[in-house]
1. Condition first: in a helix (DSSP H, G or I), open to solvent by 10 Å² or more (accessible area, probe 1.4 Å) and over 16 Å from residue 445 (Cα atoms). Now tell me which residues in the stretch 314-345 satisfy that.
2. Would you be able to tell me the number of residues in the stretch 396-423 that are hydroxyl-bearing (Ser, Thr, Tyr), open to solvent by less than 30 Å² (accessible area, probe 1.4 Å) and in a helix (DSSP H, G or I)?
3. Restricting the search to the stretch 275-290, which residues are within 17 Å of residue 237 (Cβ to Cβ) and open to solvent by 70 Å² or more (accessible area, probe 1.4 Å)?
4. Report every pair of residues separated by at least 6 positions or lying on different chains whose Cβ atoms are under 6 Å apart, first residue within the stretch 1-28 and within 17 Å of residue 39 (Cβ to Cβ), second in a loop (DSSP other than H, G, I, E, B) and at pLDDT 80 or above.
5. Can we say residue 300 is assigned to a helix (DSSP H, G or I), open to solvent by 50 Å² or more (accessible area, probe 1.4 Å) and either of a type in the set (Ser, Thr, Tyr) or at pLDDT below 80 (or both)?
6. Which residue pairs have Cβ atoms closer than 8 Å, lie 6 or more positions apart in sequence or on different chains, and pair a first residue in the stretch 42-68 that is within 20 Å of residue 11 (Cα to Cα) with a second residue that is open to solvent by 80 Å² or more (accessible area, probe 1.4 Å)?
7. Taking residue 144, is it open to solvent by 40 Å² or more (accessible area, probe 1.4 Å) and either without any contact (Cβ under 8 Å) to a residue 40 or more places away in the chain or of a type in the set (Val, Ile, Thr) (or both)?
8. Based on what the data block shows, is residue 359 among the aliphatic types (A, V, I, L, M) and touching an Asp or Glu at 6+ places or on another chain (Cβ under 7 Å)?
Amino acid sequence: MIDVLRQPAVLGLLMVVTFMTLIMTKRMSAVAALLIVPIVFGLLAGAGPGLGEMIVKGVLQVAPTTLMLSFAVLYFAVMMDAGLFEPLVRRVLSIVGEDPLKISLGTAILATVVSLDGDGTTTALIVITAFLPVYRRVGMNPLILATLLGLTNALMNYVPWGGPAARAAAAVHVDLAQVVGPMLPAAGVGLLAVFGLAWHFGRGERRRLAGRAAQEGDNVAPLAVLAAAQALEVEKDIRRPKLFWFNLALTVVLILGMVSGLAPLPVLMMSAFAVAITVNYPVLKDQKARIAAHADNVVNIVVLLFAAGAFTGILNGAGMADAMAKSALSVIPTAVGPYLASITALVSMPLTFVMSNDAYYFGVVPVVAQTAASFGVEPVEIARAALIGQPVHSLSPLLAPIYLACGLLGVDVADAQRFSLKWAVAICLVVLVAALAMGAFPLRA
């Protein structure tokens, strides 16, 4: 029995299950589990003398992604602080008025823009603060706000600095740009579908609320103006309205450079950040303050990805990933193997709902990628397919943003999940079809 337990495939499976159990039951943080669990199982596998080299190798493989993400977070944080997106927020709020259709579409548009920083918590705070008073005044269902917020944020997390894409790339040790680039058109189709859903919601609410008398008198200031003032109440001294056009041009150039492959992503992000913070905050004290204000987000990303590198470094270096893949290969029918990319896309919906992104991308995806390679499916294709389920993942009870959003909206989490789940699945299927049609990954290898 002991000999069986010491087999690489069994140890690898136990290692993944232990890791997922610890973080899903909140017995350990993801960072701690990513480090401690593989070291323990690496020792049990007899790889003790080589663990250090395995960890370093794994960390070096994720270093470019980690570098890019750290500066991406800082860049978009500086843009938020400088007020690049503030005029758009005000404009959206001034346009929507009290028409349910416009309000619904405005919610989706604002959530899309604010989600550029890749942080679900920030998106929830800004969008809900801006739009909840409007929804309450008009009498619209706040679950619509929650649904549009979650779906747009999930799709915008496909961007290179979004957590899921970075995890998927790190898990299978491929370049982040290779994962993200082919998926962005499919994500764009998904966003169009979300805007279509917003139109559907708005039309439905407009019919439902037709003929309803206004709850406030005409002498009250326009609600959109009040909501905008509340949503954008920040420290005025960090705004740089005179630099709006410069910041917009810099961001457009950055995005075009990323899409065209002008230079490696880390180089583009580092250069753009250096220019942005120097121009917007030329005083060194102000630069330090802006970096310090967002240091928590950067540190969390860096330590998580470096710990993930250590995890996958030991999983691969100790031979556990190979052994698990061979074991899985022996039980998967030959006829099914070539379809593993599309199967991965489908099962990513239920798996990411009941698992954290850390558990899924670092525990499941590497094993699937290793197995799929034997059927001619590239690891990068598995990484892309693994992103499909993110709209459903946004409703996971394991996520903090859903509790924040529901708390701000005053709705029950279970009600939000019941209302949104079918729409999330529908958006996932739209993105899946678009990804297959655009060649992001094959239906069959």
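The values are calculated or read from the model by the stated rules, or taken from the named source; none is laboratory data. Values in this document were obtained by computation on a predicted structure and should not be read as measured data. Because the Cβ atoms are built from the backbone with ideal geometry, glycine has one as well, and the counts that use them run over all protein chains shown. In case anyone asks, the SASA skips ligands and DNA or RNA and just uses the protein heavy atoms, side chains included. Shrake-Rupley method; radii C 1.70, N 1.55, O 1.52, S 1.80 Å.
1. If the condition is that a residue be in a helix (DSSP H, G or I), open to solvent by 10 Å² or more (accessible area, probe 1.4 Å) and over 16 Å from residue 445 (Cα atoms), then 316, 317, 322, 323, 324, 326, 327, 328, 330, 331 are the ones that fit.
2. 1
3. Going through the stretch 275-290, the residues within 17 Å of residue 237 (Cβ to Cβ) turn out to be 277, 279-290.
Within the stretch 275-290, 282, 283, 284, 285, 288 qualify.
4. Here the result reads 8/319; 11/45; 22/28, each pair linking the stretch 1-28 to a residue that is in a loop (DSSP other than H, G, I, E, B) and at pLDDT 80 or above.
5. yes
6. That search, which allows pairs on different chains as well, returns 44/6; 45/6; 46/6; 51/43.
7. Against the criterion (open to solvent by 40 Å² or more (accessible area, probe 1.4 Å) and either without any contact (Cβ under 8 Å) to a residue 40 or more places away in the chain or of a type in the set (Val, Ile, Thr) (or both)), residue 144 does not qualify.
8. It is false that residue 359 is among the aliphatic types (A, V, I, L, M) and touching an Asp or Glu at 6+ places or on another chain (Cβ under 7 Å).
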